[in-house]
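Report on the following structure.
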Amino acid sequence: MAEPLLCDLSAPGRQGVRFPEPDVPLSSLPTELLRQELPMPELSEMDVVRHFTRLSQLNYSIDTGYYPLGSCTMKYNPKVNEETARLPGFAWAHPLQPIETVQGILVLMHQMQEWLKEIGGFAGVTLQPAAGAHGELTGVLIIRAYHQSRNDTKRDKILIPDSAHGTNPATSAMSGMRVVELKSDSRGNVDLQALKAECDDTLAGLMLTNPNTLGLFDENVEEVVRLVHEAGGLVYGDGANMNALLGVVRPGDLGIDVLHYNLHKTFSTPHGGGGPGAGPVGVCSKLVDFLPGPLVDVIEEGDDEMPPLYGFIDPPKSIGRVKSFHGHFGMIVRAYTYMLMNGGNGLRKVAEFAVLNANYLLARLRDTYHVPYDRICMHEFVMEGRWDDAPGVQALDISKRLMDYKFHPPTNYFPLIVHEALMIEPTETENKETLDAFADVLIKIAEEAHNEPQLLKEAPHITPVGRVDEVKAAKDLALCCGVAALEK
Amino acid sequence: MFIPHTDADREAMLRTIGVNKLEDLFQAIPAGHRFPKLDLPPAITEMEAVGELQGLAMANETSRDLACFLGAGAYNHFVPAAVDAIIRRGEFMTAYTPYQPELAQGTLQAIFEYQSLVAALTGMEVCNASHYDGATAVAEAVNMAYANFRGKRSKVVLSPALNPQYRQVVRTYTPGSNILFVGDGREGNLQSGPQSLFSLIDNNTALVVVQYPDFFGRVYDYTELARITHEAGALLCVSINPIALGLFTPPGYMGADIVTGEGQPLGIPLSFGGPYLGLFATRKEYVRKMSGRLAGESVDNRGQRAYVLTLTAREQHIRRERATSNICTNQGLMALASAVYMSLLGEHGLRQLAQLNYHKAHYAAKQITSIPGYSLWSKDTFFNEFVVVCPDPVSDINDHLLDHNILGGYDLGQDYPDLANHMLVAVTEMNTRDEIDTFIEVLSEVSHG
């Protein structure tokens, strides 16, 4: 039985929250512009709580089960993060308060900038970007501004390997750049010959996801960076896969010029069913002046009696603001809490065990599923969800069948360079028993695919809804309650 | 921390992989840069971390400690307990983007409810699953309008009374295009309403952007502006404060083509500026031009009603470099918070709240005009925010207010050189009459020098 919509639950006259009567004399309302109809649902508080609680129960989540989505880093989100972000001294601070009243906040933000610099090997960090794609936009705008500042205006080409996230080409286009795709070689690395052919004086930069979306660390990364730099370009690092690199290698040490972090992947802030994320950006020394402002810095040195005064500064050649205020401060508090509890050594352990878990699953599954680029992986790997002797079975069917065994499926159909891709990222917070249970189920599903393919084709059987008609959704376009079909 | 492996697990797993130790898994990393020593503090326990964060939190004075008259794009409103209780549910909070609809009907229906509520509130036909904040929502509107005319119209008219930070973000977002921004430079007339924009709109104009209430708190009827904009073949975007729509006619009824807004007032804590919520709604004919995720209603293979992300062919993961926006992650949990908030208030709660804000702000404004040396900058209709002309620099007055535990208004001279000594004052349901009276009293002390 489907959960009704709010508009169906509404009854005229109900109200879930009331406000006090005015304690001031009433002023006359304007005679024009007053709103007549306000078609909002009317419900009691319990109606609302029960409705949304029931909806929540239709969801799969990290708190209820294993969520091995590749490139999404669905690690455990510590509960303490939610407590610290809601401390009244953080949650009720207005973003435009005088800096003297928010020194605790500014110390935290400054510390976060410093830690992200240290972890990535960068000279400067902005906390402003709201998400990974927003960080990418910031980074590419910085690359663009750098070349413009040198009057090197013909550089408008961004190279993007074919294994990249879809955000990379969209970001480059949005920044007014020209996108050229680069092939991967047979080991999953950037094809050096293809790269060399594109290294000319129009090259603005290369967007490199490393480890790439095959879960492989590019074995030629130093050569790739050298070639781009020699041609006058800059290297953007997509930090979506940073979980594999914490304390293992600093992208800045490899010559990466600019990189975004995903606090909602690497540093355990919750994904929230699609956000909010946070996408701070780190840059090398020659790009510090281009960061979006404002940044947090010491604006008055302290002495024996007074602590330093923290405030905001604007970098001299800043690309400008990329959003209102100072970034997703609430997410920064969560990530800060997580980093405090891990420390430097703990972060290295995060990467090591994320990589251990991925290689363990790979070892358990490679005899059953074809792994096209089979070498030691980093935090994730990609295998094919198809067999020549099980015609008709696709990655999608395997994904849907996993749901019957109460597992969330891996990322499917990405990266595009693997047929029927299943991209698995276990994360470090899962124990061996869970990984074994997941591997056992995938092996069993492979048997079913050969012997009882209907079980896969008809899956899932036990979820609140079955396979959803996506064609109808796009054709009939019902996007609001009470509007059955927008365009019909 | 948060790693469950026993030593025995680790050894068994390494054996299965066929390596001896963890370090063996990292041979692909250039040896010279492998395992750097990170200069970070040593790990501490949860108990210690909470203590440290409490210390940092207590080093701030916030709108819970001070009487807050500061707005300018972020507002101090009451958040009912049920909002946080719902968004803290792990099933919502720790779920991913709903790409697998069978396991995400909760998130998907919640987005659909959010889309319905925002469409109803703004008087528009469709709404997406959100942008990052009010500023980036306007930037996306500019990109949408530019793409709508395939780059053939290059002018965007920005009201000078559009939030200055939004105007900065719009410019940051569009460096590669040849968009010409007009209206908010020296040619802009701050004191006049939307009429001053009329003469700037022509057949090269792609978009006109205004704010409602505007950055100075004023409320104007944009019907005539919409008519003139449409006559020129351009689109009109109105950036809203959603609470005001509990009292005033929504822009959808005035002819707006795009309605954006900062959704923070809808049940989202101030949190020093984020995470907030970028509202984005439009008319149905532009639904395929709008960026961002959309939840649509459909049926499943068992004949049940079911929800799914739809029109995904517009988005970056399919269209790649041909997408008009790279947006991927949005503000899912904040959109949920606003949906719970709007459901709790409903029609009557929202009307009551909007009127309460209106009456309190008007009481404060009236009292301020009684203090010698202070006056209201505009006589036009306003909602819960207004501009006060002050006898002294705003920063001096705010220092004095802070000594009396009052967070004063926004210093407009920071953004508008012509408005030095002008303070933007916000009053919400959170300000008691006592607070307002004290605010007035302290202001009058300043006026006496």
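Values quoted throughout were computed directly from the atomic coordinates according to the rules given, and no laboratory measurement underlies them. Quantities reported herein were computed from a predicted structural model and do not represent experimental measurements. So basically every Cβ, Gly included, is an ideal-geometry build from the backbone, and we count neighbours across all protein chains shown.
Once Rh is set to the Kirkwood radius over Cα pairs, what Stokes-Einstein translational diffusion coefficient, in µm²/s, holds for chain A at a temperature of 25 °C and a viscosity of 0.890 mPa s?
98
Given H placed 1.01 Å from N in the peptide plane, which residues other than close sequence neighbours of B:PHE248 have an amide H under 5 Å from its amide H?
Under 5 Å from the amide H of B:PHE248 lie the amide H atoms of A:ARG35, each far enough along the sequence or on another chain.
So how many Lys-Lys pairs in chain B land under 26 Å Cα to Cα, not counting same-chain pairs under 8 apart?
The result is 7.
Need the C-alpha centroid separation for segment A:295-347 versus segment A:123-181, integer Å.
Each part reduced to its Cα centre gives a spacing of 24 Å.
Can you tell me the Rg and the Dmax, both Å, for the Cα atoms in segment A:346-470?
Final numbers for Rg and Dmax: 14.6, 46 Å.
Taking the alpha-carbon distance from A:LYS406 and a cut-off under 21 Å, which lysines remain once sequence neighbours fewer than 8 residues away in the same chain are dropped?
Partners found: A:LYS75, A:LYS432, A:LYS444, A:LYS457.
Measure off 7 Å from each Cα along the Cα-to-Cβ vector at B:GLU11 and A:GLU301, then give the distance between these two points in nanometres to one decimal.
Distance between the two pseudo-spin positions: 5.5 nm.
How much length would be gained if the chain were fully extended between A:LYS196 and A:LYS154, taking 0.36 nm per residue of separation minus their Cα-Cα distance, in nm to one decimal? Please list the in-between numbers first.
On the way: separation 42, 0.36 × 42 = 15.12 nm, distance 1.85 nm.
Contour length minus the Cα-Cα distance gives 13.3 nm.
Once phi is turned into θ = phi - 60°, what whole-Hz ³J(HN,Hα) does the Karplus curve with 6.51, -1.76 and 1.60 give for every residue of segment B:134-149, x standing for Gly and Pro?
Working through the residues one at a time gives x, 6, 6, 5, 5, 4, 5, 5, 4, 5, 5, 5, 4, 5, 4, 9 Hz.
Can you give me the three principal axis dimensions of the protein assembly as shown from its C-alpha atoms, in Å, biggest first?
Taking max minus min along each principal axis of the Cα atoms, the protein assembly as shown gives 84, 67, 58 Å.
For the protein assembly as shown, what proportion of DSSP beta bridges, expressed in % and rounded to the nearest 5, is antiparallel?
Around 55 percent of the beta bridges assigned by DSSP in the protein assembly as shown are antiparallel ones.
At R0 = 56 Å, how high is the FRET efficiency between A:ASP367 and A:MET46 if r is their beta carbon distance? Nearest 0.05 is fine.
0.55
At a threshold of 8 angstrom on Cα-Cα distance, excluding pairs fewer than six apart, so keeping six or more, what relative contact order does chain A reach in percent?
18
State to the nearest 20 debye the size of the charge dipole of segment B:81-341 about its Cα centre, where the only charges are +1 on K and R beta carbons and -1 on D and E beta carbons.
Using Cβ point charges on Lys, Arg, Asp and Glu, segment B:81-341 gives about 620 debye.
Give me, ordered by chain and number, the residues 5 or more places off A:ASN59 or on other chains with an amide H under 5 Å from its own placed amide H.
Long-range HN contacts for A:ASN59: B:GLY106.
Would you be so kind as to identify which of B:MET290, B:GLY123, B:PRO164 lies farthest towards the positive end of the dipole of segment B:81-341, taking Lys and Arg as +1 and Asp and Glu as -1 on Cβ and the Cα centre as origin?
After comparing all options, I get B:MET290.
What's log10 of I(q)/I(0) for segment A:80-340 at q = 0.09, 0.13, 0.17 Å⁻¹, Debye sum over Cα points only, no solvent?
Each listed q maps to, in turn, -0.40, -0.80, -1.28.
Putting +1 on Lys and Arg Cβ atoms and -1 on Asp and Glu Cβ atoms, find which of A:PRO372, A:ILE398, A:LEU456 reaches farthest to the positive end of the dipole of segment A:346-470.
Highest projection toward the positive end goes to A:PRO372.
Where a ≥ b ≥ c are the square roots of the eigenvalues of the C-alpha gyration tensor, would you call segment A:45-144 rounded, which needs a/c under 1.5, or, failing that, prolate if a/b is larger than b/c, or oblate?
oblate
Is there a simple number for the mean count of other chain Cβ atoms within 10 Å of the Cβ of residues in B:261-272, and what is it?
Taking all residues of B:261-272 together, the mean is 5.
Please get the size of the charge dipole for the protein assembly as shown, origin at its Cα centre, with Cβ charges of +1 on Lys and Arg and -1 on Asp and Glu, quoted in debye to the nearest 20.
2340
Between segment A:348-393 and segment B:210-241, what is the separation of their alpha carbon centroids in Å?
Answer, in whole Å: 54.
If you take the alpha carbon radius of gyration of chain B and divide it by 2.2 N^0.38 Å, what ratio comes out, to two decimals?
1.13
Please give the direction-averaged projected area of the C-alpha convex hull for segment B:81-341, in square nanometres with one decimal.
Projected over every direction and averaged, the Cα hull of segment B:81-341 covers 14.2 nm².
Report relative contact order for segment A:80-340 in percent, whole number only (criteria: Cα-Cα under 8 Å, sequence separation at least 6).
27
For chain A, what is the mean residue ellipticity at 222 nm derived from helices alone (per DSSP H run of n ≥ 4: -39500 (n - 2.57); sum divided by total residues; nearest 500 deg cm²/dmol)?
Helix contribution divided over all residues of chain A: -10500 deg cm²/dmol.
Output the lone cysteines of chain A: those with no second cysteine's C-beta under 4.7 Å from their C-beta.
A:CYS72, A:CYS199, A:CYS284, A:CYS377, A:CYS480
So what are the three principal axis dimensions of segment B:180-309 from its Cα atoms, in whole Å, longest to shortest?
60, 38, 28
Grab the Cα-Cα distance for A:LYS286 and A:ASP469, subtract it from 0.36 nm times how many residues apart they are, and report the gain in nm with one decimal.
60.8 nm is the gain from fully extending A:LYS286 to A:ASP469.
With a sphere of radius 15 Å drawn around the Cβ of B:ASN326, what net charge do the other residues whose Cβ falls strictly inside it have (Lys, Arg +1; Asp, Glu -1)?
With Lys, Arg at +1 and Asp, Glu at -1, the net is +2.
Find which of A:VAL102, A:GLY252, A:ILE417 sits farthest along the positive direction of the dipole of the protein assembly as shown, computed with +1 on the beta-carbon of Lys and Arg, -1 on that of Asp and Glu, about the Cα centre.
A:ILE417
Taking amide H positions as placed in the peptide plane 1.01 Å from N, state which residues far from B:CYS68 in sequence (5 or more) or on other chains have amide H under 5 Å from it.
Amide H neighbours of B:CYS68, under 5 Å, 5+ apart: B:LEU407.
Tabulate in residue order the Karplus-calculated ³J(HN,Hα) for segment A:333-343, using 6.51 cos²θ - 1.76 cosθ + 1.60 with θ = phi - 60°, rounded to whole Hz; enter x for Gly and Pro.
Along segment A:333-343, the couplings run 4, 4, 5, 4, 4, 4, 5, 4, 7, 8, x Hz.
Compute the separation of the alpha-carbon centres of segment B:1-74 and segment A:192-234 and state it in Å as a whole number.
Taking the Cα centre of segment A:192-234 as reference, the centre of segment B:1-74 is 30 Å away.
For chain A, give me the percentage of DSSP beta bridges that are antiparallel, rounded to the nearest 5 percent.
Details: 20 of 37 bridges.
The antiparallel fraction comes to roughly 55 percent.
How large is ³J(HN,Hα), in whole Hz, for each residue of segment A:406-416 in order, when computed from phi with the Karplus curve 6.51 cos²θ - 1.76 cosθ + 1.60 and θ = phi - 60°, using x for Gly and Pro?
6, 10, 6, x, x, 5, 10, 6, 8, x, 5
Just counting partner chain Cβ atoms within 10 Å, what average do the residues of peptide A:400-410 show around their Cβ?
The per-residue average across the peptide is 2.
Rounded to two decimals, what is the ratio between the C-alpha radius of gyration of segment B:268-400 and 2.2 N^0.38 Å?
For segment B:268-400, the normalised Cα radius of gyration is 1.60.
Which of the lysines could a cross-linker bridge to A:LYS196, judged by Cα under 16 Å and excluding same-chain residues fewer than eight apart?
Partners found: A:LYS157, A:LYS183.
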